[in-house]
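For reference, the structure is listed below as structure tokens.
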Amino acid sequence: MTVRFSSSDASRRAGASRAASRPAAVATTVAMVVAGLVLVLLVLVVVRLPWAGDLGIHAATVQRLRHSLLDPGNPLVDADTPSPYYSPWMVLLGAVCRATDLEVFTVLRLAAVVGLGLLVTGVRRYVRTLSAHRAAPALALLSLLLLWGTTPFLWSGFPGLHSLALTVAYPSTFTLGLAFHFWALLDRAVRGAAGWGVWLGLGVLWAVILLCHQFSGVVASAGAVATVVAARPGRGVWPRAAVASAVGVAVLWAWPYYDFFALFGAAGDALEPVHRVLYEEPAARYGLLLVGVAALVPRWRRDRGDALVVFFGLGLLIVGAGWVSGHYSWGRALPAVVIPAQLAVALEAVGAGRRRARAGWAALLAGALLAGGWAQAGTVGYVVPRGALPGVVAERYREPWTGYHWITRWVEYGDVVMAEGRAARQIPAYGPYTVAPGYPDFFLPDEERRTAVTGAYFASGTAEGVRRAVEREYGVRWVVDRGGSLDDAGLRVVARGPGGQVLYAVR
């Protein structure tokens with residue numbers, strides 16, 4: 001029997017199809033608009049470049065390269081030692097600073113623009129290897145920025161909105177952007193007939209990522225392994241991949257600014273306690289990711305070798321091993337757990353098999369994004385005066401650091417300043433050195449002594465003769481005291497800064 005459909009039946013089906021597509025089109029538009037607004041917010045943050053965390057060490061690194069591109073010495077103290085902060089990206093920034101005579105913080109703003117651009121385009125490019133849906137890149141970007149926890153969390157290499165606002169100029173942002181591009185290029189290479197030139201380039205790119213930010217390099221490596229596993233390449237790919245890996249190792253070995261492989265012995269008493277915090281309060285900091293973890297389950301059911309599933313498993317293995325063994329610095333690989341979960345839920349919202357399933361994932365994702373966005377709403381305070389913020393938003397705002405520009409009228413480039421705490425982390429950004437480094441320095445052989453004499457210098461009851469001996473040993477010309485309580489005839493008050501700080505000149 002032949003079933004005939006009238007033209008009116010066909011019209012009704014076409015109308016129903018158009019009606020069903022309208023909500024999807026609206027949702028796509030909304031996702032793109034919201035993602036665009038968030039990016040505008042981040043661009044405005046770059047203009048201000050609020051200071052918190054590690055911006056001082058990166059500014060100091062550019063300062064040293066600006067003055068000596070080939071032999072910059074230690075970025076924080078007056079010593080001729082290598083430093084892992086002298087990465088290819090920072091060397092390029094130093095060269096730009098040297099060639100253009102731009103101020104260091106101007107160059108860091110340019111670095112922030114490049115890093116943010118790489119991250120956005122990298123996410124889009126990588127997500128396109130996983131989904132062709134128009135809304136997928138926008139949803140993936142929103143998930144990357146907002147799908148964390150109910151408490152804002154700041155850490156280099158963790159691209160939550162609040163964290164990224166304060167670390168957008170860091171090498172970690174640039175490196176993570178490179179990683180997304182690397183995964184996309186690698187996916188294309190293992191699935192196609194890429195020649196030897198492409199594979200050699202991939203090897204060099206992998207090495208550059210590892211040199212620019214070692215922890216993000218671990219994340220990039222886990223993502224690369226997952227990409228290769230998911231592609232199930234033929235035998236012809238493996239020789240090329242092996243040669244590319246060998247080229248990458250050769251570049252790491254040949255990098256002249258520091259010994260990359262010496263870093264394997266760097267984790268120890270200095271690094272592990274600092275990173276233990278990454279394992280604390282997981283519900284508050286990463287709780288919203290449970291939606292993404294749930295989204296990985298159907299992907300695993302459809303394909304045991306799914307790239308995001310393998311990526312998540314590798315990340316979980318590294319982070320879990322760090323917790324069990326007490327190597328808490330391995331927690332810096334948490335983005336290898338977070339990123340695949342974030343992308344998974346974004347992709348399920350647009351690519352789940354049935355319409356109802358897609359709607360369910362979309363609703364879960366929307367709710368989680370709203371919760372994550374509200375948790376990080378204080379980020380708006382970096383572009384809007386705090387007084388203009390509603391009270392509930394102002395409570396979530398974190399005041400950035402003020403900096404030490406107020407000492408530069410007297411303290412010149414290369415002067416040694418006795419300082420501790422936050423001052424030691426910020427002062428080198430303007431060109432001076434400190435006696436003790438504000439950050440753990442694996443390559444500085446007398447780090448412990450420098451830290452000890454700094455503590456003794458500021459201790460109450462320290463004899464003036466002891467202070468004079470320290471000043472002579474390290475060439476100290478200035479002292480910055482946070483309490484302004486040093487009563488020493490050998491020191492002369494020169495200026496007073498924020499928070500009761502005092503700049504002393506050594507007589």
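The values are calculated or read from the model by the stated rules, or taken from the named source; none is laboratory data. If you're wondering where the values come from, they're calculated on a predicted model, not measured in any experiment. Positions of Cβ are generated from backbone atoms using ideal geometry, with glycine treated the same way; all protein chains shown enter the neighbour counts. For the accessible areas, the whole protein counts, side chains as well, though only heavy atoms, and no ligand, DNA or RNA atoms are used. Shrake-Rupley method; radii C 1.70, N 1.55, O 1.52, S 1.80 Å.
All of S17, S87, S21, S8 fail the test of being modelled with pLDDT under 95 and more than 30 Å from H133 (Cα to Cα), apart from S8.
Of the residues that sit in segment 110-163 and are among the small types (G, A, S) and surrounded by fewer than 18 Cβ atoms within 10 Å (Cβ to Cβ), which one is modelled with the lowest pLDDT?
The first filter runs over segment 110-163 and keeps only residues among the small types (G, A, S), leaving 111-112, 115, 117, 122, 131-132, 135-136, 138, 140, 143, 149, 156-157, 160, 163.
Still in the list and also surrounded by fewer than 18 Cβ atoms within 10 Å (Cβ to Cβ): 117, 132.
Working: G117: 96, A132: 92.
Restricting to residues being among the small types (G, A, S) and surrounded by fewer than 18 Cβ atoms within 10 Å (Cβ to Cβ), the top hit is A132.
Within segment 299-330, how many residues are of a type outside the set (F, W, Y), within 27 Å of V127 (Cβ to Cβ) and surrounded by 16 or more Cβ atoms within 10 Å (Cβ to Cβ)? Give the steps one after another, and end with the answer.
If we filter segment 299-330 for residues that are of a type outside the set (F, W, Y), which is where we start, we get 299, 301-310, 313-322, 324-327, 329.
Add one more test, that the residue is within 27 Å of V127 (Cβ to Cβ), and what stays is 299, 301-310, 313-320.
Cutting the leftovers down to surrounded by 16 or more Cβ atoms within 10 Å (Cβ to Cβ) gives us 299, 306-310, 313-316, 318-319.
Residues meeting the conditions: 12.
Pull up segment 232-247, narrow it to residues that are outside any helix (DSSP H, G or I) and not basic (K, R), then point me to the one that is least open to solvent (accessible area, probe 1.4 Å). Step through it out loud before you land on a result.
Within segment 232-247, the subset outside any helix (DSSP H, G or I) is 232-236.
Narrowing the set further to residues that are not basic (K, R) leaves 233-234, 236.
Working: P233: 24, G234: 45, G236: 47 Å².
The selected residue is P233.
Among (1) under 26 Å from V274 (Cα atoms); (2) in a loop (DSSP other than H, G, I, E, B); (3) in contact with a Lys or Arg (Cβ under 8 Å, 6 or more places away or on another chain), there is one condition A423 misses while meeting the rest; what is its number? Failed condition: (2). A search for C-beta distances below 6 Å between a residue of segment 383-411 that is in contact (Cβ under 8 Å) with a residue 24 or more places away in the chain and assigned to a helix (DSSP H, G or I) and any residue that is open to solvent by less than 40 Å² (accessible area, probe 1.4 Å) and not polar (S, T, N, Q), counting only pairs 6+ apart in sequence or on different chains, returns W406/G497; I407/L503. Taking segment 356-405 as the range and being within 30 Å of V479 (Cα to Cα), buried (at least 17 other Cβ atoms within 10 Å of the Cβ) and aromatic (F, W, Y) as the test, only Y404 passes. Please count how many residues of segment 406-427 are open to solvent by less than 80 Å² (accessible area, probe 1.4 Å) and of a type in the set (K, R). Qualifying residue count for the region: 1. Tell me, yes or no, whether segment 70-80 has at least one residue that is under 19 Å from the mean Cα position of the chain (by Cα) and either open to solvent by less than 50 Å² (accessible area, probe 1.4 Å) or not polar (S, T, N, Q) (or both). Checked against the condition, which is being under 19 Å from the mean Cα position of the chain (by Cα) and either open to solvent by less than 50 Å² (accessible area, probe 1.4 Å) or not polar (S, T, N, Q) (or both), segment 70-80 yields no hits at all.
Of all residues in segment 145-159, one or more are over 11 Å from the mean Cα position of the chain (by Cα) and assigned to a helix (DSSP H, G or I). The set of residues in segment 496-507 being in a strand (DSSP E or B) and either free of Cβ contacts under 8 Å to residues at least 12 places away in the same chain or in contact with a Leu (Cβ under 8 Å, 6 or more places away or on another chain) (or both) consists of R496, V502, Y504, A505, V506.
Being modelled with pLDDT under 95, within 22 Å of L166 (Cβ to Cβ), more than 21 Å from the chain's Cα centre (by Cα) and outside any loop (DSSP other than H, G, I, E, B) narrows it down to one of V46, V34, so name that one.
Values: V46 fails: more than 21 Å from the chain's Cα centre (by Cα).
After applying the criteria, what remains is V34.
Considering the conditions (1) aliphatic (A, V, I, L, M); (2) under 26 Å from L161 (Cβ atoms); (3) in contact with a strand residue (DSSP E or B) (Cβ under 8 Å, 6 or more places away or on another chain), I57 is excluded by exactly one of them, (3). Of everything in segment 268-298, what is touching a Pro at 6+ places or on another chain (Cβ under 8 Å) and either more than 15 Å from A346 (Cα to Cα) or open to solvent by 50 Å² or more (accessible area, probe 1.4 Å) (or both)? Give them in sequence order. A270, L271, V274 - these are the residues of segment 268-298 that are touching a Pro at 6+ places or on another chain (Cβ under 8 Å) and either more than 15 Å from A346 (Cα to Cα) or open to solvent by 50 Å² or more (accessible area, probe 1.4 Å) (or both).
Residues are listed down the side, and each one gets a yes or a no for (1) open to solvent by 20 Å² or more (accessible area, probe 1.4 Å); (2) in contact (Cβ under 8 Å) with a residue 60 or more places away in the chain; (3) in contact with a Pro (Cβ under 9 Å, 6 or more places away or on another chain); (4) assigned to a loop (DSSP other than H, G, I, E, B):
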| residue | (1), (2), (3), (4) |
| --- | --- |
| A429 | no, yes, no, no |
| G438 | yes, yes, yes, yes |
| V479 | no, yes, no, no |
| S485 | yes, no, no, yes |
| V494 | yes, yes, no, no |
